[in-house]
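Visitor: Dropping a structure here in structure tokens format, bear with me for questions.
Every read-out reported here was derived from the displayed coordinates using simple, explicitly stated rules and does not represent laboratory data. Bear in mind that the values here come from a model prediction, so they are computed numbers and not experimental data. Cβ coordinates were reconstructed from backbone atoms using ideal geometry, including for glycine residues, and neighbour counts include every protein chain displayed.
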Amino acid sequence: MPLALFVALSGVRIYDTDILRLGLTLPGFVERGNVIASMPSLGLLTLAGATPSSWTVAYQEADGEVEAAIEAIRAAKPELVALSFLTARAKESYQLADQLRAEGISVILGGLHVSARPDEAQRHASAIVVGQGEWIWPQVIADFERGELQPRYGTLHTTEPLDSAPLPRFDLLDLDRYNRIPVQTTRGCPLDCSFCAASRLISPYKRKSAERIRQELSAVTTRWPAPFIELADDNTFVNKGWGRELAAVMSEFPGLKWFTETDVSLGDDPELVQTLARAGCTQVLMGLESISPESLDHGTDSGKWKKRQRERYLRQIHTIQENGISVNGCFVFGFDQDTPDTFAATRDFIEESGLSEVQLTILTPFPGTQLHQELGKQGRLLDPLAYEKCTLFDVNFQPKNFSPTELRDQFAELISSVYSVRATEHRRAIRTRIYRNRPRHD
């Protein structure tokens with residue numbers, strides 16, 4: 001049978017060597033990096049599930065140099081390679097695709113970057129898939145088999161229900177490689193933050209049914225008896241009633257632990273938080289974005305919902321953590337309203353709030369985002385094609401109140417403090433207390 005090989009260019013390398021060297025000395029920074037780097041591509045696993053049974057399918061990670069990836073792909077001898085990648089690795093991915101095509105291997109490119117830059121990607125591919133690929137993939141395979149592969153497939157924001165998508169091929173994964181397994185329960189987000197480069201770029205907000213989630217969890221736990229699940233959602237608990245349905249399903253799998261992303265409104269419902277904790281939810285990542293009301297007013301969602309939540313941040317964090325779930329607060333730096341005082345104020349807020357984990361990033365204008373369009377019109381993108389700097393830790397635009405170097409230096413000073421040994425151990429102790437006092441798994 002012909003082989004379809006699904007290849008993910010995983011991992012993101014910080015471009016700025018000073019930030020990279022500094023990060024490698026900070027335990028908290030290293031810990032977060034290890035978590036992010038250890039996730040397989042759910043999109044590719046889903047495409048594998050959509051591939052006809054007349055094909056053999058395999059999954060590879062290409063987290064090293066391009067030449068090593070080429071050798072691994074050659075060894076597999078595929079008829080077709082499906083390649084997905086983050087923007088920061090776009091140039092490497094194009095190089096890999098060009099080399100494979102020169103050797104006679106057909107290459108299909110897809111993912112968020114391809115959807116944002118389809119004309120560019122098409123120059124390096126036998127075909128590209130724009131938007132949500134799981135429904136169009138069988139057509140791609142059929143066209144390939146007939147020798148009639150089209151240059152472009154798919155459209156943005158298709159409305160097919162998530163329950164109609166194929167089950168991901170979790171069985172393709174190496175059990176020892178990953179410390180967490182992705183499962184998606186929702187796609188998209190009702191908020192429209194200008195810098196967001198997640199699934200809302202390609203999909204309206206959708207939810208899976210409880211039965212479908214149960215099927216996917218059963219597929220995972222067949223191979224991993226007590227896995228750690230990371231929900232590949234942008235904002236899981238928009239609908240609190242549906243959140244209770246999700247908790248009920250999760251509770252059916254004893255020993256299951258899981259993590260997801262949501263917004264601060266979760267703290268409005270302490271009973272739901274306790275229910276989620278009993279169902280195995282250990283942590284939620286929250287895009288707090290900034291402690292500055294001015295930055296939230298101008299730099300996030302058009303409806304200014306996040307600005308209206310600012311005065312509730314401390315109370316919401318306390319409610320969620322006191323009811324058994326750790327909060328990972330995510331902050332972004334480089335908004336037009338940010339000043340040097342923003343960094344010191346954020347450090348003070350982190351300490352006052354008792355956040356049990358923190359993610360600090362630099363504002364990044366990813367292709368396809370409203371932020372990228374606005375900065376491009378203003379002539380503030382330092383190099384629109386410097387994709388290697390789209391890492392969340394590199395400055396790739398001209399800030400308003402800093403030079404690029406000043407923003408980098410302020411960020412470096414803050415991460416040196418927030419991710420220090422003392423601060424990291426303090427947050428670890430907070431997490432231990434939260435988990436010790438959490439409600440027991442149902």
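Visitor: Taking a ≥ b ≥ c as the square roots of the Cα gyration tensor eigenvalues, with a/c under 1.5 meaning rounded and otherwise prolate when a/b beats b/c, else oblate, which class fits region 248-364?
Guide: On the way: a/c = 2.21, a/b = 2.07, b/c = 1.07.
Taking the square roots of the gyration eigenvalues as a ≥ b ≥ c, region 248-364 is prolate.
Visitor: If you place +1 on the Cβ of every Lys and Arg, -1 on the Cβ of every Asp and Glu, and leave all else neutral, what size is the dipole of region 112-266 about its Cα centre, to the nearest 20 Debye?
Guide: Working: 18 positive and 21 negative charges, 42 e Å.
About 200 debye.
Visitor: Could you list, in their original order, any pairs among 206/304; 91/400; 257/306; 257/304 whose Cα atoms are separated by more than 30 Å? Please report the intermediate quantities before stating the final value.
Guide: Values: 206/304 22 Å; 91/400 28 Å; 257/306 28 Å; 257/304 33 Å.
Correct reply: 257/304.
Visitor: Show which lysines lie in cross-link reach of residue 307 when reach means a straight Cα distance below 18 angstrom and same-chain residues fewer than eight apart are skipped.
Guide: Reachable lysines: none.
Visitor: Specify whether the C-alpha gyration tensor of the chain places it in the rounded, prolate or oblate class, a ≥ b ≥ c being the square roots of the eigenvalues: rounded for a/c under 1.5, otherwise prolate if a/b is larger than b/c and oblate if not. Walk me through the numbers before you get to the answer.
Guide: Details: a/c = 1.72, a/b = 1.25, b/c = 1.38.
Judged from the Cα gyration tensor, the chain comes out oblate (a/c at least 1.5, b/c at or above a/b).
Visitor: Can you find, among 360, 270, 222, the residue farthest towards the positive end of the dipole of the chain? Put +1 on the C-beta of Lys and Arg, -1 on that of Asp and Glu.
Guide: My answer, from the dipole projection, is 270.
Visitor: Now a separate question. Compute the distance in nm between two label points, each set 7 Å from the Cα along the Cα-to-Cβ direction, one at residue 403 and one at residue 76.
Guide: 4.6
Visitor: Under the 0.36 nm per residue contour assumption, what length would be gained going from the current alpha-carbon distance of residue 211 and residue 437 to full extension?
Guide: Values: separation 226, 0.36 × 226 = 81.36 nm, distance 3.08 nm.
78.3 nm is the gain from fully extending residue 211 to residue 437.
Visitor: What distance in nm separates the two pseudo spin-label positions at residue 245 and residue 426, each 7 Å out from Cα along the beta-carbon direction?
Guide: 4.2
Visitor: Relative contact order of region 180-436, please, whole-number percent, based on alpha carbon pairs below 8 angstrom and at least 6 residues apart. The partial results should precede the final answer.
Guide: Values: 427 pairs, mean separation 43.1, N = 257.
Dividing the mean separation by the residue count of region 180-436 yields 17 percent.
Visitor: Select from 399, 298, 238 the residue farthest towards the positive end of the dipole of the chain; place +1 on Cβ of Lys and Arg, -1 on Cβ of Asp and Glu, and compute about the Cα centre.
Guide: The residue sitting most towards the positive pole is 238.
Visitor: Ok, one more. What translational diffusion coefficient, to the nearest whole µm²/s, does region 34-168 have by Stokes-Einstein, given a Kirkwood radius computed over alpha-carbon pairs, a temperature of 10 °C and 1.306 mPa s viscosity? Before the final figure, lay out each step's value.
Guide: Working: Rh = 15.3 Å.
The diffusion coefficient I find is 104 µm²/s.
Visitor: Using 7 Å Cα-to-Cβ label points, what is the residue 315/residue 123 separation (nm, one decimal)?
Guide: Placing both labels 7 Å along Cα→Cβ, they lie 5.4 nm apart.
Visitor: A follow-up question, please. Give, rounded to the nearest 20 debye, the magnitude of the charge dipole that the chain has about its Cα centre when Lys and Arg contribute +1 at Cβ and Asp and Glu contribute -1 at Cβ.
Guide: Numbers: 48 positive and 58 negative charges, 172 e Å.
Approximately 820 debye in magnitude.
Visitor: Same structure, new question: Within 10 Å, count the other beta carbons around each residue, average over each peptide in 149-157, 325-333, 176-184, and list them highest first. Walk me through the numbers on the way to the answer.
Guide: On the way: 149-157: 14.9, 325-333: 23.1, 176-184: 17.0.
Order by mean packing, descending: 325-333, 176-184, 149-157.
Visitor: Which order results if 6, 366 are arranged by neighbouring Cβ count within 10 Å, fewest first? Could the numbers behind the result be given before it?
Guide: Values: 6 26, 366 22.
Least crowded to most crowded, the residues run 366, 6.
Visitor: Calculate for the chain the 222 nm mean residue ellipticity that helices alone would give, adding -39,500 (n - 2.57) per DSSP H run of length 4 or more and normalising by residue count, nearest 500 deg cm²/dmol. Walk me through the intermediate numbers first.
Guide: Values: 18 runs with 178 residues, N = 442.
Using -39500 (n - 2.57) per qualifying helix, the result is -12000 deg cm²/dmol.
Visitor: Identify which of 288, 363, 175 has the largest mean-square fluctuation in a Gaussian network model of the chain, with springs joining Cα atoms closer than 10 Å.
Guide: Greatest mean-square fluctuation among the candidates belongs to 175.
Visitor: Which of rounded, prolate or oblate describes region 180-436 when judged by the alpha-carbon gyration tensor and an a/c cut-off of 1.5? Could you put the intermediate results ahead of the total?
Guide: On the way: a/c = 1.89, a/b = 1.46, b/c = 1.30.
Judged from the Cα gyration tensor, region 180-436 comes out prolate (a/c at least 1.5, a/b above b/c).
Visitor: Return, ordered by residue number, the residues of region 1-16 whose backbone nitrogen is under 18 Å from a label point located 7 Å along Cα→Cβ of residue 63.
Guide: Counting backbone N atoms under 18 Å from the label point, the list is 6-15.
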